[in-house]
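Let me begin by presenting the structure, written as structure tokens, before commenting on it.
The values are calculated or read from the model by the stated rules, or taken from the named source; none is laboratory data. Note that the structure is a prediction, hence the values are computed from the model and not measured. Here the Cβ positions follow ideal geometry from the backbone for every residue, glycine too, while neighbour counts run over all protein chains shown. These accessible areas exclude ligands, DNA and RNA; they are computed on the full protein's heavy atoms, side chains included. Shrake-Rupley method; radii C 1.70, N 1.55, O 1.52, S 1.80 Å.
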Amino acid sequence: MAYLLTLLWIIVAVLVSLGAGWCFRAFLISVSSQNMAKVFRTAPLTASFGLLVIAIYTSCAVFAPLIAPYGEAEILSYGFEPWSSDYWLGTDNLGRDVFTRLIYGARNTVGIAFLITALAFIFGTIIGIYAALKGGFIDQLLSRLIDVLMAIPSLIFSLLMLTIFGTNVISLVLVIATIDSTRVFRIARAVALNIVQLDYIEAAKLRGENTLYLIIREILPNALAPLAAEFGLRFCFVFLMISALSFMGLGLQPPSADWGSMVRDNADLISFGDITPLIPAGAIALLTIAVNFVVDWMLHRASGLKD
Amino acid sequence: MSNVIKMILKRLGLGVLTLLLLSLLIFLSVEALPGDLAETILGQQATPENVAAIRKELGLDLPAHTRYLNWLGGMLQGDFGNSLALKKPISGLIAPRLQNTLFLTLYTACIAVPLALILGMAASLFRNGYFDRISNATALSAISMPEFFVGYIMIYFFALSGYFPSMANINPNTPFIDKLYVCFLPALTLTLVVTAHMMRMTRAAIINVLALPYIEMANLKGVKPRRVIVLHALPNAVAPIVNVVALNLAYLITGVVIVEIVFVFPGLGQLMVDGVKFRDVPVVQATALIFASAYVGLNLLADIISTITNPRLMRQR
Amino acid sequence: MTKAIPTKAKTKTPAKAKAKAPAKAKPKQGDILLQMRNIHIKGKSDESWIDIINGIDLDLYRGEVLGLIGESGAGKSTLGLAAMGFCRDGCKITDGSISFDGMDLMQMDKSSLRELRGKRIAYVAQSAAASFNPAHKLLDQFCEAPLVHDVMSRNDASQYAIDLYDRMNLPSPETFGLRYPHEVSGGQLQRAMTAMALSCRPDLIIFDEPTTALDVTTQIEVLAAIKDIVKEFNTAAIYISHDLAVVAQMADRIKVLLKGDEVEQAPTEIMLKKPSQEYTKSLWAVREHTRKEQPAVKNQTPVISIKSVTAGYHSSVDVLRDVSFDIHKRRTVAVVGESGSGKSTTARVVTGLLPPRMGSIEFQGETLPAQYQSRSREQLRHIQMIYQMADTALNPKLRIRDLIARPAKMYLGLTGKALDDRVRDLLHMIEMEPDQFIDRLPSELSGGQKQRIGIARAIAAEPTVIICDEVTSALDQLVAEGILKLLDRLQSELDLSYMFITHDLATVRAIADEVVVMKDGDVVEQGIKSKMFKPPHHPYTELLLGSVPEMDSKWLDRLLDSRGKDNLGDAAIAKMNKKS
């Protein structure tokens, strides 16, 4: 019976999400310009639901101090208080308000994941396009080097690196951005290789254009669309990875609120049938699902426009 | 034929080279450690005499290339050095845990690979239908969930009610059947995540092949859909699918680390994470090398299989 | 239409191991095999449905060959596939009826349609290389349809395959089928595909541009094989092509399509001699444009001089061997050759993209640096290039204004108002209205317009020489004609020299002053056009000239009579190589 009830809940949740997606799509269509409205009209409900979730998370991250009822690291009571009107989701092992920390977690976890992805992209894209454009020896050298780095699973590699550089925010950001930029390099190089062999690049080279002009004016504008979808995917990867590291106690360090470590710190509650620790984990899953839905739609659009 | 053998030898050579470079990288990354390993070990008690003694004991006074060769030589003979935190030989720590982790990954693979292939093929066969859409959305959701989330949900639903244990505590004396039972939840958690990835990629690989002109040709010859998939699409999709399987088995390596922690499973992943926490460098080095070798090996295997199944490479003009 | 469906036994060709061509009588009027009425097909494009075919009727008699002709986007392939009751993904037949041998294909269920396909209606695709499954041997793919349809046993099918391979003049027919698709040449593969289509002795074969991807000398052998076999087996066929001269050889009757509508149809002879519609006439007229040969210039320094160039890519094989020729002021040098002849590589050496292993390039008497990176801006400016695929030659993210302005700004230092005026001038020169086009993106232009922008970008640099790499081969004939005329006019207005790379001899006739014939990296023959098109020729030039289909339905027959069946394509070239 319990399982049936759960199944029912899941179905209700899915329907409500799709309904919210439908409403949000209608809202987007009504507020945006004609061209954009046309684009949104083609969005499946999953994608518009994804957009809604991303919008909510972003506003949580930006306005965290305004929304949260208490301070991020404020100790308010004894540990593990149950859900109440004072503490909506109860308190954690140290007596901090879980709801507050959930809101601040959006800022810390999502913010850092975004920062890492952006760094990885800037780094990986520039080197990737450069390698594709130069070709020959430079390309071979860079590609082989990246191949070796990619032969280590990224989680294992980051564990190794964090052992060496210690677990603080700066080394976390730099280590994961570096590791992830190898993946970005691969993709950016592949995308750029397709562009570089086109005649307009040859024409620009023969015109006597320099490398910087070629990268900025000729290659990058044409590489942006495929790379944008990839940005979403990489973000999901990074986000899941730092959550996993935090969960293992190797990510963001206390007292900063962070979803991964919130799960770990309160995991014991699950054995008592309390689902509070699952909420931050669910928050991670929800954002990743949302981004994936949007990326899926973008990829579908890109492939659909081709033929 | 000789072409293929040459090609496989070349791949093998590349694999060995990659592993060598990896070991060098892992070795050097420790060299780059701020300060000195000896100082790290001693922490507050680092007096010059102590440091010198420890350096001598660890052989840190030798030149770097000698130490690398010694370390690599030891690794190849199964001697991984001593754990700094536990003061015990690492090989003794690793052996039973490696067995456990291998058991868990194989267990998962046995469920996940056939399941994912069947689901992926079905989705590609009924593409854009309801089955495809629902399985796609479900798979996407499953991919998006952190492994520990899935793990705790499993515990919440299946362990609290007492069907399965929430802690997968096994030891070498546990009977095989009990092992299967105890490890069911961790294996299921891993399966869920890996299957989703593998199924989506399988679907994409088959759909890529189905869009090719020779599939249309087969349809225009009046060949039945099932025969088209089995005889015309599959032989050409083997290479991409093998790559998908290898890639995802390699992905298991990452997943297994987290799942082991959730279910307190005595595996290699836990050993590594503990190593990272205590900055037990030799342990981290050894485990990283094992994980990386498994990863390289799997990719190598996939490469070789896709070479063998490709008639273009098998019979060159 | 109301005729009762004939029983299977009646129409089934008895399965015989040895194929002996049944000598049927000439088709009688009224013996209709395929009848399509008021066919409407729509295709999905960006979430909305657009018309591909709007209401076409088509009749085909037993044993008759119908030619379907039209430019790209005319819907000929879609119509051809519809004759099998087949639609590609994203297309649907919205209206009309298709009746094959009295059966209504529109009402049939999928499995009955499958029964027909491959057995009674077969299909030959444009690219044999892509349409053969790379994982199976040719013979296995040949035998698949007979086995699936239960027409003959595996042994009989293999025997039949060998017999057909032999008729198609394929090398060692006994073992030919044991090879994989990647192990045989393009022309052979296309013949193997025709053989495969015949494997169940169908009543109807759809040929969808079967020779378009082939070189002219290879095309001949495939055409000959198809013609021979269709006649011998008295199979009805729909032959789809954009090349009128090719269709004229194959078809009894020709139907002309334009954007999903039928323009006209008539028996081949009548269609060739006096087409009734303006559009058809304009298609025919293309072939008649020629430019007067410019008088040869004596004792003048050539603009470009290619001096015994030997060049190659990464491997040690030379793609060019000792290539030399000159390009003089205000003259057009056509470099002709088939794929792999080295004509595009020559262009790459001239532009400096590929430094030669030996030899050099001189511009107005002075030697140019081998690599474009070492050339001065002024040297780069004098040699401009126009590409085959206008789609990939223009950066899709830049507007027309920026595309054309860039060279003018870079080389000539124009800015502001002067630059804008220059861009407008250039657009006028290529006959495009500036106000209408200047702010568009390339994706908002047609193929011909894009090619014109490519030309404008080249002349914006005020060059001396323009290298035109197959500039018209991706375009429809009428559009190509316009481009050739434009190039002609610009040449006399701006004193340009052209190095014109092409595989199409009709284009050479239209535009060249001098001709350089290349084969496998060697210059086979060179000289002024009037001499080159008159005998005596070098044997290869002769082969090349003789292989271009002419607008005369008897041309192929005459050629076969004079040369013989065994002296075509690869075989002829091999023989020629042995002699020299």
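Taking strands (runs of 3 or more DSSP E) as the structural unit, those lying wholly within region C:291-400 and holding at least 2 residues that are open to solvent by 60 Å² or more (accessible area, probe 1.4 Å) and within 29 Å of A:G136 (Cβ to Cβ) correspond to C:320-327.
Name the residue that is farthest from the other protein chains (Cβ to nearest Cβ), counting only residues in region B:194-231 that are of a type in the set (K, R) and within 30 Å of B:I253 (Cβ to Cβ). Going through the qualifying residues, I end up with B:R203. With respect to C:D495, determine if the residue is in the same structural domain as C:K529 (by TED's automatic domain parsing) and open to solvent by 10 Å² or more (accessible area, probe 1.4 Å). Taking the combined requirement at face value, the residue satisfies it. If you scan region C:82-115, which residues turn out to be more than 30 Å from the chain's Cα centre (by Cα) and within 12 Å of chain B (Cβ to nearest Cβ)? C:K110, C:S111, C:S112, C:L113, C:R114, C:E115, listed by residue number.
Would it be correct to say that C:L490 is more than 14 Å from chain A (Cβ to nearest Cβ), open to solvent by less than 10 Å² (accessible area, probe 1.4 Å), within 29 Å of C:L244 (Cβ to Cβ) and at pLDDT 90 or above? So C:L490 fits the description; yes.
Right, C:A122: among the hydrophobic types (A, V, I, L, M, F, W, C), open to solvent by less than 30 Å² (accessible area, probe 1.4 Å), within 8 Å of chain B (Cβ to nearest Cβ) and over 22 Å from the mean Cα position of the chain (by Cα) or not? Yes: the conditions hold for C:A122. Restricted to region A:176-197, and to residues that are modelled with pLDDT of 90 or more and among the polar types (S, T, N, Q), which residue is farthest from A:L142 (Cα to Cα)? Across region A:176-197, the extreme among qualifying residues is A:T178. Residues that are assigned to a helix (DSSP H, G or I), crowded, with 18+ Cβ neighbours inside 10 Å and either of a type in the set (S, T, N, Q) or touching a Lys or Arg at 6+ places or on another chain (Cβ under 9 Å) (or both) are absent from region B:150-172 altogether. In region A:241-254, the count of residues that are more than 30 Å from C:K397 (Cα to Cα), outside any helix (DSSP H, G or I) and open to solvent by 40 Å² or more (accessible area, probe 1.4 Å) is one or more.
Scanning region B:80-107 for residues that are in contact (Cβ under 8 Å) with a residue 12 or more places away in the chain and over 19 Å from B:P172 (Cα atoms) turns up B:F80, B:G81, B:N82, B:S83, B:L84, B:A85, B:L86. Note on region A:164-207: residues that are within 14 Å of chain C (Cβ to nearest Cβ), free of Cβ contacts under 8 Å to residues at least 12 places away in the same chain and in a helix (DSSP H, G or I) amount to 7. Counting only helices (runs of 4 or more DSSP H) that fall entirely inside region B:14-132 and contain at least 2 residues that are at pLDDT 75 or above, away from every other protein chain (no Cβ under 14 Å) and over 28 Å from the mean Cα position of the chain (by Cα), the qualifying elements are B:48-58, B:64-76. None of C:I238, C:I220, C:I229 is open to solvent by less than 70 Å² (accessible area, probe 1.4 Å) and in a strand (DSSP E or B) except C:I238.
Applying a threshold of 6 Å to beta carbon distances and a minimum spacing of six or more residues, or different chains, the list of pairs starting in region B:292-308 at a residue that is within 9 Å of chain A (Cβ to nearest Cβ) and open to solvent by 40 Å² or more (accessible area, probe 1.4 Å) and ending at one that is at pLDDT 85 or above and not in a helix (DSSP H, G or I) is empty.
Every test in (1) more than 20 Å from A:S171 (Cβ to Cβ); (2) surrounded by fewer than 19 Cβ atoms within 10 Å (Cβ to Cβ); (3) away from chain C (no Cβ under 14 Å) is passed by A:A267 save one, and that test is (2).
Of everything in region B:232-245 that's without any contact (Cβ under 8 Å) to a residue 60 or more places away in the chain and facing chain C (nearest Cβ under 8 Å), which residue is most open to solvent (accessible area, probe 1.4 Å)? Here the answer is B:N236.
The conditions of being farther than 30 Å from C:C87 by Cβ and touching an Asp or Glu at 6+ places or on another chain (Cβ under 9 Å) are met by B:I258. Filtering region C:346-381 to residues that are among the β-branched types (V, I, T) and within 14 Å of chain A (Cβ to nearest Cβ) leaves C:V349, C:V350, C:T351, C:I361.
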